Amino acid sequence: MRIFSDTTGRQWQINMTIGSVKQVKALTGYDLLELDKGDRPLLATLRTDIMAVCDVIFALVKKQAEEAGISDEQFAEALGGNAIVVAQDAFWDELEDFCQSLNRQHLAKAIQAMGKTVNLAYQKISQQVDQLDIEQMLNDQFTKISGELPESSELTPAD
């Protein structure tokens, strides 16, 4: 079981069981035991689509939310800033442990590998953005555009 807090300080427990996997499938259509299936595997979708993983997390804590009188929208509103990162980490850790407990080591390894891959991709993109010289790029574009403009005499109508 993993615990995370939202931005209001409420604590939520993620506990993966066959029952919770069924609940996720019923509410979202995502089968957490089929992470590696499909043209775009569910694992890739959940690692890159924050809305999708938030829906899954809500499905996992839905009973707690109902007991606290918290709607799906209220739950989502409280997942700002670092809270969503902590919630995702709790979800992935719990799902990895669950897969291992079911002797589905291939899924646990896939979860680890996809996490490393996505984090590395985000780091590389961030490095590339940091290396961009935006001012030089704009200057190059303005130079290119101004070189393509007609001469001012060409803009003056003939009498």
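Scan segment 42-53 for residues that are closer than 19 Å to residue 23 by Cα and either among the hydroxyl-bearing types (Ser, Thr, Tyr) or not in a helix (DSSP H, G or I) (or both) and report the count.
The total comes to 1.
Every residue in segment 34-49 that is within 17 Å of residue 85 (Cα to Cα) and in contact with a Leu (Cβ under 6 Å, 6 or more places away or on another chain), please.
43
Among the residues of segment 54-71, is there at least one that is assigned to a helix (DSSP H, G or I) and over 16 Å from residue 14 (Cα atoms)?
So far as segment 54-71 goes, no, none of its residues is assigned to a helix (DSSP H, G or I) and over 16 Å from residue 14 (Cα atoms).
Please find, within segment 116-157, the residue that is modelled with the highest pLDDT out of those that are surrounded by 10 or more Cβ atoms within 10 Å (Cβ to Cβ) and either among the small types (Gly, Ala, Ser) or in contact with a helix residue (DSSP H, G or I) (Cβ under 7 Å, 6 or more places away or on another chain) (or both).
Only one residue tops the list, namely 126.
Select, from 39, 31, the only residue that is exposed (fewer than 14 other Cβ atoms within 10 Å of the Cβ), of a type in the set (D, E, K, R) and assigned to a loop (DSSP other than H, G, I, E, B).
39
If you check every pair at least six apart or on different chains, which have Cβ atoms under 8 Å apart with a residue in segment 95-115 that is of a type in the set (Asp, Glu) first and a residue that is loosely packed, with under 15 Cβ neighbours inside 10 Å second?
Pairs found: 96/112.
Within the bounds of segment 10-28, is there any residue that is surrounded by 15 or more Cβ atoms within 10 Å (Cβ to Cβ), in a loop (DSSP other than H, G, I, E, B) and among the charged types (D, E, K, R)?
Within segment 10-28, one or more residues are surrounded by 15 or more Cβ atoms within 10 Å (Cβ to Cβ), in a loop (DSSP other than H, G, I, E, B) and among the charged types (D, E, K, R).
Looking at segment 66-75, can you tell me whether even one residue there is among the charged types (D, E, K, R), surrounded by 14 or more Cβ atoms within 10 Å (Cβ to Cβ) and out of contact with any helix residue (DSSP H, G or I) (no Cβ under 7 Å at 6 or more places or on another chain)? First the steps, then the outcome.
Going residue by residue through segment 66-75, those that are among the charged types (D, E, K, R) are 66-67, 72-73.
Add one more test, that the residue is surrounded by 14 or more Cβ atoms within 10 Å (Cβ to Cβ), and what stays is 72.
From the residues that got through so far, the ones that are out of contact with any helix residue (DSSP H, G or I) (no Cβ under 7 Å at 6 or more places or on another chain) too are none.
Checking segment 66-75: not a single residue is among the charged types (D, E, K, R), surrounded by 14 or more Cβ atoms within 10 Å (Cβ to Cβ) and out of contact with any helix residue (DSSP H, G or I) (no Cβ under 7 Å at 6 or more places or on another chain).
The values are calculated or read from the model by the stated rules, or taken from the named source; none is laboratory data. Note that this is a predicted model, so its numbers are computed, not measured. In this analysis, Cβ positions are derived from the backbone assuming ideal geometry, glycine residues included, and neighbour counts consider all displayed protein chains.
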